[in-house]
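All remarks here apply to the structure that follows.
What follows is calculated from the coordinates using simple rules that are stated; it is not laboratory data. The shown structure was predicted, so the numbers you read here are calculated from the model rather than taken from an experiment. We place every Cβ from the backbone using ideal geometry, glycine too, and count neighbours over all the protein chains shown.
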Amino acid sequence: MKLEEVELGQEVVIVDLSGKEEVFKKVEAMGLRRGRRVALLQKVGRNLLLKVNNSRVVISKDLARHIEVQ
Amino acid sequence: MKRITLALAGNPNVGKTSILNHLAGTSLKVGNWPGATVEKKEGRVEFMGYEIILIDLPGVYTLEPLSEEEWIAYRFLTEGKPDLVLNVVEASNIERDLLLTVELLEHEMPVLIALNMVDEAQKLGVEIKDRWLSELLGVRVVRTNGRTGEGVRALLQHIIEVYNLKEKPKPLHYSKELEEFLQRVREKDNEPKATLIRKLLQEERFRSLREEIKRSFGKEAYEVVKDERYAKAHGLFREVVERRSVSSRDITEALDGILLHPTFGIPLFFLLMFLIFKVSFDLSKPFMDWLDGFINKLIAPLTGLLLTALGAGEWLKRFFEEAVIGGVGFVLTFVPLIAVIYFLLALMEFSGYLPRVAFLMDRFMHRLGLHGKSLVPLLLGFGCNVPAIVATRTLETKRDKLLVIAMVPFMSCPARLVVFSFFAVLFFKNPAVVIFSLYLLGILVAFITAIILRKTAFGGSLYHFVMELPPYRLPTLRLLFRTVWVYVKDFLYRAGTLIFSASVVIWLALSLPPGVKRPSESLAGYVGRAIAPVFEPLGLSDWRITTSLIPAFLAREIVLSSMGTIYSAEVKEEEKPFELSEALKEQVLAFGKAIRSALINILSPVPSAFKVEEEEGSLKAVVAQALSPPQALAFMVFLLLYTSCLGTVAVMWREAGKKFALLFLLYSFLVAWLAGFLTYRGFILWSM
């Protein structure tokens, strides 16, 4: 499943990041990495608000599309 | 005195700015990194005979140079050669933050860790064994609370000890295989690991080495380094953190439930913006007026008396009274507004609400190619363009910042409303419709400008959205006031001097050659006559109109009073003799009145910024005679779009650079001319 398709409140584990763009290096440094648990807190417009450990990270769906979760 | 240069490094939102504020106190200065629009904060503190220079690096998650911020941080560490790095780590997100720590250790320079906001971490069930962390890294770890300032002073003692003992962290070891490859690129003994990694990953001559790595590790060299860094950070985290499970919902979650609510979040934002708008403009307006009176009715005549006593001539006396003191007063009148807006912006920023605005508003703004946060400066623009442009500092990228700076001046402010209501009431049956259309025209031109800029100068890059929402925190008043002071100081130094010098030039244009009584005989009058043909196509070839535009460059509403003097050609009325005790009493009373009307303004539901005072009748009669409705409309359109505002140009100069400010001024003039021309011709055709 893609991170983009996760339902509100659901908690998932990141399996793979397939994005090749530079911005994914930042996404990873912010804690969205293989093996991490993330929960979807909120969806507003094109953005997802995720809880990653104790921080809250917002990413747009065009990035979430490249993140495989289960 | 010995000087120590200290660089503060840390992830965004870890409270680095607050720690810097507590360390540097009022010595803090803001500016930009050379050649960048990224803000640079600098301060100094004296301690035990040492002068410590504090340099705040941009908040970054990694030192890999991806964006402008990371380049700046990386370059400063490698080329700026700080004596010491203070790594601020947010306790509750230590796992993520340790990645940057590991990357800093690769630079092999003295490091000190400030473990910040331990109390928040404890509430979340995160307990950190700071002694063990210190032991593992060979780095001192000091607990701090950036919000209250607790533990921050203790840092100073450690900074000096680390500096004097030349304490270096324990060497960082990656896997044996990777270390062997790194040794193969070593050319000098003292090359830090960061340099070895950069050479290995980037230099052309090591391409074959990278291929060798790929063969033996089964993945790209870059991936190998990245994975080892993460593994190191994760290993450290596992060693030093103990987790308890806590069930309590934290305040951030509860507040986000309301403020980021899918349906209520947006109305709440607009309500908050309305309150901010109201408080900032209504609260500062009476004080701005009072300052204006204080300078012009007390300080200026006092200087005049002094100069007369010294035997100065009439022209010189007027120069000091009107140009110099008046110019200083003009700059100062901006201060209450800038201060109040900064206070509220800092409150929004430090409390953690501002980043959430970006998240909430992105759904509308990204369609226009703008950052969600852009809405804040754009809305403030309706109150006054000057602080609105200053507020673009909250935008992170240069692109977003310049785009919004180019849009703000088209947001019609109350200064324009004063002019519009004068002309609209005089010439049109439905003044409200005319004024409303002018506001819409301004907004339209702002968006067209943004589209043009995106298609030309700022095109190309795809725009993703990635950001962190920090936890809500209540900042201390001391932190807010200090921040306000730092920015007001910066405004006075940079924009203030520019506003002052330009206002003196304008005064000279109106008062040269010495002894002129009427504007028509002054330099400005000649310039006005010379440029009149340019305005012919707009129907505004009357030299009196073009001349009144010259003083109106100070601020648009001045156009009315300057038209008054030019049209009626009246010589300035004789002022009543100045009496010190009377004037002093008057100013004290006026100050009391300012406080009272600030309070009344706050309580009344309608923003007082939009209440327009009536202009005197004599000017109305003259102007009604001199202009026709098409000319009046063309004039309003012109004044709406042309950046006839010294304050705006000055802050633009400060925020985006001289070139940008001057080009924008030219652009706004051309757009205003074109729109004025179309309005005039269109109106005439339509009414035929």
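Looking at chain B, what % of the alpha carbon pairs are farther apart than 34 Å? Show your work: numbers first, answer last.
Working: 129674 of 236328 pairs.
Every Cα pair in chain B considered, those over 34 Å come to 55 percent.
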Taking max minus min of the Cα coordinates of the stretch A:3-69 on each principal axis, largest first, gives extents in Å of 27, 23, 18
The Cα extents of the protein assembly as shown along the principal axes, largest first and rounded to whole Å, are 89, 64, 55
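Stokes-Einstein at 25 °C, 0.890 mPa s, Kirkwood radius from Cα pairs: D for the stretch B:207-327 in µm² s⁻¹? The partial results should precede the final answer.
Working: Rh = 22.8 Å.
The estimated diffusion coefficient comes to 107 µm²/s.
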Binned at 10 Å from zero, the C-alpha pair distances of the stretch B:176-243 give percents of 19, 48, 23, 9, 1
TM-like helix rule applied to chain B (DSSP H, alpha carbon span at least 30 Å on the long axis, mean Kyte-Doolittle at least 0.0) gives B:265-294, B:431-455, B:580-603, B:658-686
Looking only at aspartates and glutamates whose Cα falls under 15 Å of A:K2's and that sit 8 or more positions away or on another chain, we get A:E11, A:D16, A:D62, A:E68
Simple SL model, points at 7 angstrom along Cα→Cβ for B:V246 and B:K455; separation in nm is 5.4 nm
Per-residue average of other protein chain Cβ atoms inside 10 Å, peptide A:22-35 -> 6
For the table B:K193/B:K226; B:K40/B:K168; B:K199/B:K226; A:K26/A:K61; A:K51/B:K373; B:K373/B:K659, the rows whose alpha-carbon distance is greater than 18 Å are B:K40/B:K168; A:K51/B:K373; B:K373/B:K659
Checking rank on B:336-348, B:126-138, with mean other Cβ inside 10 Å and highest first, the result is B:336-348, B:126-138
Note: the stretch B:95-207, point scatterers on Cα, Debye, no solvent; log10 I/I(0) at q = 0.14, 0.15, 0.17 Å⁻¹ equals -0.70, -0.78, -0.91
GluC sites (Glu not before Pro) in the stretch B:166-247 lying in a DSSP loop, each with at most 13 other Cβ atoms within 10 Å of its Cβ, come to B:E187, B:E203
Taking B:V534, B:V527 and counting other beta carbon atoms within 10 angstrom, the fewest-first order is B:V534, B:V527
HN-Hα couplings for the stretch B:381-394 via Karplus (6.51, -1.76, 1.60; θ = phi - 60°), in whole Hz with x for Gly/Pro, come out as x, 5, x, 5, 5, 5, x, 5, 5, 4, 5, 5, 4, 6
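So how strong a dipole does the protein assembly as shown carry about its Cα centre when Lys and Arg Cβ are +1 and Asp and Glu Cβ are -1, to the nearest 20 debye?
On the way: 92 positive and 82 negative charges, 136 e Å.
My answer is approximately 660 debye.
First measure r as the distance between the Cβ atoms of B:F364 and B:F264, then evaluate 1/(1 + (r/R0)^6) with R0 = 25 Å and state the FRET efficiency to the nearest 0.05. Show your work: numbers first, answer last.
Values: r = 16 Å, r/R0 = 0.65.
So the FRET efficiency works out to roughly 0.95.
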Taking B:433-446, B:1-14 and ranking on average Cβ neighbours within 10 Å, highest first, one gets B:1-14, B:433-446
